[in-house]
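Heads up: the structure comes next, in structure tokens.
The values are calculated or read from the model by the stated rules, or taken from the named source; none is laboratory data. From a predicted model like this one, the values you see are computed outputs, not experimental measurements. No Cβ is skipped: glycine too gets one built from the backbone with ideal geometry, and neighbour counts run over all protein chains shown. With ligands, DNA and RNA removed, areas are computed over all heavy atoms of the protein, side chains included. Shrake-Rupley method; radii C 1.70, N 1.55, O 1.52, S 1.80 Å.
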Amino acid sequence: MLDERKMKILSAIIDDYIATAEPIGSRTIARKYHIGISPATIRNEMADLEELGYLSQPHTSAGRIPSNKGYRFYVDFLMPSRKLDEYEQSFIKKLLKKRVKELEDLIEEAGKVISKLTSYTAIILGPQLECSRLKHVQIIRLEEKKGLMIIVTNYGTVSHHIIEIPQNLTDSDLQRISNALNSNLGGKALEEITPEVMNSIKDDMIEYDSVLNILLDLLMENLDDTKENSKVYASGSSRMLEFPEFRDVERARNFLSLLEQHDLITRALKTACKPNTITVTIGSENPWSEFQELSIVTTGFFVEDKNLGICGIIGPTRMEYSKVFSILEKVTDYLNKAIISLL
């Protein structure tokens, strides 16, 4: 642990660098932060902090900037708690009042709010549908031998499948099959749709055996896909280009390219997120080189202790961490409550 004087100096340097993106010198700290010691003493302490790895000096004649180790110490021990201001509270309340019918719309709105209030890129991974349940199935005729199977889960996700249907099946037959699937499978999760349940449906509707085999296979495949694949929602990607760190064209291009790599982002968010907490992964703490000049702040959103997804914020390591924490905490608290009302 650092002594109290070093902690005050480190905190002042990080707060100033977050605000200005400019290296800070000892005279500036003495003038702006009134720590009560001379610039010469501050300079010596800064040299010690640099030697300990908490600061770095980008140029010989320049002031110091925080290192990843410095940011980590700041987040873990120095970061002040922060309350939402009136504008932030009213902006989030507007989200609370919006009426949405599907989880996808809700997540998109939440991502926009997070990005707007933090000025960073919001990434929401979800829902992670391990507990996805079938809500509704409908089979309708498109042409003489073609039909459309519509599958809706309890999270509002909808999938469509074109299927071949026997010519002798009438529209009434298709409705009867839809009703049977809904009455037997409605509300069931993937693991609850056992071979015994499927065979029972086939036994009751033996005359539709051939088409039921196709429909049940599609249904199982769809629920399995939703379990394995979580959709990535990104908001505010262009906001990052306003930060000095991304004025370099190559760095900006790399960041925008990164946002298109959904598999990599999914792995990064799942690796970073820890249960029941807001987690920060700073720069080189990320195992993937693409994220090592960035920070990721993550937290999960839940229903009945089941993890439905992950809210994440990606930004420069020079991130306004206390602001991000307060906003992310409030928005995910809303998400948890709003999702319950949708289910």
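Yes or no: region 29-51 includes at least one residue that is in contact (Cβ under 8 Å) with a residue 24 or more places away in the chain and among the polar types (S, T, N, Q).
Initially, region 29-51 is screened for residues in contact (Cβ under 8 Å) with a residue 24 or more places away in the chain, giving 33, 35, 37, 42, 45-46, 48-49.
Now narrow it down to the ones that are among the polar types (S, T, N, Q): none.
No, every residue in region 29-51 fails to be in contact (Cβ under 8 Å) with a residue 24 or more places away in the chain and among the polar types (S, T, N, Q).
Filtered by the rule that a residue be modelled with pLDDT of 85 or more, surrounded by 14 or more Cβ atoms within 10 Å (Cβ to Cβ) and outside any helix (DSSP H, G or I), region 187-217 gives 188, 205.
Just one of 17, 33 is among the hydroxyl-bearing types (Ser, Thr, Tyr) and modelled with pLDDT under 95; which is it? Give the steps one after another, and end with the answer.
On the way: 17 fails: modelled with pLDDT under 95.
Within the list 17, 33, the selection yields 33.
Every test in (1) closer than 28 Å to residue 315 by Cα; (2) modelled with pLDDT under 95; (3) open to solvent by 40 Å² or more (accessible area, probe 1.4 Å); (4) of a type outside the set (Asp, Glu) is passed by residue 63 save one, and that test is (3). When 269, 256 are checked against the criterion of being open to solvent by less than 80 Å² (accessible area, probe 1.4 Å) and in contact (Cβ under 8 Å) with a residue 60 or more places away in the chain, 269 stands alone in meeting it. Of all residues in region 82-105, none satisfies being closer than 18 Å to residue 316 by Cα, open to solvent by 40 Å² or more (accessible area, probe 1.4 Å), touching a helix residue (DSSP H, G or I) at 6+ places or on another chain (Cβ under 9 Å) and in contact (Cβ under 8 Å) with a residue 12 or more places away in the chain. Go through the residues of region 303-316 one by one and say whether even a single one is modelled with pLDDT of 90 or more and assigned to a loop (DSSP other than H, G, I, E, B). No, there is no match, as no residue in region 303-316 is modelled with pLDDT of 90 or more and assigned to a loop (DSSP other than H, G, I, E, B). Name the residue that is modelled with the lowest pLDDT, counting only residues in region 126-146 that are in a loop (DSSP other than H, G, I, E, B) and either surrounded by fewer than 17 Cβ atoms within 10 Å (Cβ to Cβ) or in contact with a Pro (Cβ under 7 Å, 6 or more places away or on another chain) (or both). Looking at the filtered set, the residue picked out is 130. For region 51-79, what are the residues that are part of a loop (DSSP other than H, G, I, E, B) and either within 16 Å of residue 279 (Cα to Cα) or small (Gly, Ala, Ser) (or both)? Within region 51-79, 53, 61, 62, 63, 67, 79 meet the criteria. In the set 330, 274, 323, only one residue is among the basic types (Lys, Arg) and assigned to a loop (DSSP other than H, G, I, E, B); that residue is 274. State which residue is most open to solvent (accessible area, probe 1.4 Å) when the search covers only region 147-186 and only residues that are hydrophobic (A, V, I, L, M, F, W, C) and assigned to a strand (DSSP E or B). Checking each candidate, the answer is 162. If you take the residues of region 106-122 that are in contact (Cβ under 8 Å) with a residue 40 or more places away in the chain and over 28 Å from residue 11 (Cα atoms), which of them is most open to solvent (accessible area, probe 1.4 Å)? Selected residue: 112. Residue pairs whose Cβ atoms lie under 7 Å apart, sitting 6 or more positions apart in sequence or on different chains, and linking a residue in region 1-20 that is farther than 13 Å from residue 63 by Cβ to a partner that is open to solvent by 40 Å² or more (accessible area, probe 1.4 Å) and among the charged types (D, E, K, R), are 6/48; 18/320.
Selection of region 317-338 for residues being modelled with pLDDT of 95 or more and of a type in the set (Ser, Thr, Tyr) yields 317, 321, 322, 326.
Residues in region 283-300: is at least one assigned to a loop (DSSP other than H, G, I, E, B), closer than 22 Å to residue 20 by Cα and open to solvent by 50 Å² or more (accessible area, probe 1.4 Å)?
Of region 283-300, the ones assigned to a loop (DSSP other than H, G, I, E, B) are 286-288, 292-293.
Of the ones still in play, those that are also closer than 22 Å to residue 20 by Cα are 292-293.
Add one more test, that the residue is open to solvent by 50 Å² or more (accessible area, probe 1.4 Å), and what stays is 292-293.
Yes, that holds for at least one residue.
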